[in-house]
């Protein structure tokens with residue numbers, strides 16, 4: 001594992017110079033390494049600022065449950081922008097700023113069940129730097145345009161497309177799809193989403209290539 005770049009830790013920490021609480025966004029297409037980047041950054045920031053001073057707000061917790069996707073006829077597009085509760089996510093980000101002295105309970109996402117879990121994550125008042133991670137933080141429409149104004153910065157996780165696709169195929173296989181079904185899902189669902197997210201790369205404050213934080 002490559003040591004996490006101190007310049008990125010410094011940059012993230014400097015966001016607190018502007019505010020008593022800052023929210024940093026990590027975005028990138030599916031399979032780009034957002035979770036790895038977020039985990040490594042949170043660990044490094046925890047050592048720098050103290051474990052209680054940092055927190056993680058995953059956008060994945062705002063997936064619509066399968067029962068809602070079935071109602072909307074979107075089950076076969078799960079993971080696309082319209083399959084998330086964007087209004088709930090925006091409201092949660094706003095509450096981070098509006099009510100910093102309260103514990104904020106937010107949903108998480110259970111990968112084994114592939115379902116959101118209510119109040120799975122607690123963000124305490126002591127958390128001064130919150131890292132939120134998700135695909136669509138920089139989309140300019142569909143309700144997602146209200147996300148960016150609530151974030152101090154947005155970093156884009158970049159990686160070679162071939163590497164990213166293979167990661168996605170393996171991920172789908174690990175959660176029960178056959179190799180053929182996994183590749184079909186990547187081609188039909190993940191890749192259109194990836195192209196959409198990649199189109200927002202130029203709007204990011206920083207592009208972090210995978211090789212800079214993972215071996």
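Looking at this structure, is residue 12 within 26 Å of residue 104 (Cα to Cα) and either buried (at least 16 other Cβ atoms within 10 Å of the Cβ) or touching a helix residue (DSSP H, G or I) at 6+ places or on another chain (Cβ under 8 Å) (or both)? Explain how you work it out, then say what you get.
Working: within 26 Å of residue 104 (Cα to Cα): yes; either buried (at least 16 other Cβ atoms within 10 Å of the Cβ) or touching a helix residue (DSSP H, G or I) at 6+ places or on another chain (Cβ under 8 Å) (or both): yes.
So residue 12 fits the description; yes.
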Within the range 100-120, residues touching a residue at least 24 places away in the same chain (Cβ under 8 Å) and either within 17 Å of residue 55 (Cα to Cα) or in contact with a strand residue (DSSP E or B) (Cβ under 7 Å, 6 or more places away or on another chain) (or both) come out as 100, 101, 106, 107, 108, 109, 116, 117, 120
Working only within the range 33-52, note down all residues that are at negative phi and either free of Cβ contacts under 8 Å to residues at least 24 places away in the same chain or over 19 Å from the mean Cα position of the chain (by Cα) (or both). 39, 46, 47, 48, 49, 51, 52
Given (1) loosely packed, with under 14 Cβ neighbours inside 10 Å; (2) touching a helix residue (DSSP H, G or I) at 6+ places or on another chain (Cβ under 9 Å); (3) more than 25 Å from residue 139 (Cα to Cα), residue 173 misses just (1)
Within the range 83-201, helices (runs of 4 or more DSSP H) holding 3 or more residues that are closer than 16 Å to residue 56 by Cβ: 86-98
What's the number of the condition residue 71 fails, among (1) in contact (Cβ under 8 Å) with a residue 40 or more places away in the chain; (2) out of contact with any strand residue (DSSP E or B) (no Cβ under 6 Å at 6 or more places or on another chain); (3) in a helix (DSSP H, G or I)? (1)
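Answer yes or no as to whether residue 53 is buried (at least 16 other Cβ atoms within 10 Å of the Cβ), more than 21 Å from residue 113 (Cα to Cα) and touching a strand residue (DSSP E or B) at 6+ places or on another chain (Cβ under 9 Å). Steps first, answer last, please.
On the way: buried (at least 16 other Cβ atoms within 10 Å of the Cβ): yes; more than 21 Å from residue 113 (Cα to Cα): yes; touching a strand residue (DSSP E or B) at 6+ places or on another chain (Cβ under 9 Å): yes.
Yes.
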Considering each of 140, 149, 179 in turn, give the residue that is loosely packed, with under 13 Cβ neighbours inside 10 Å and touching a residue at least 40 places away in the same chain (Cβ under 8 Å). 140
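Quick note: the coordinates plus some simple rules give every number you see, no bench work behind them. Everything numeric here is computed off the predicted structure, so don't read it as measured data. Virtual Cβ from ideal backbone geometry, glycine too; neighbours counted across all protein chains shown.
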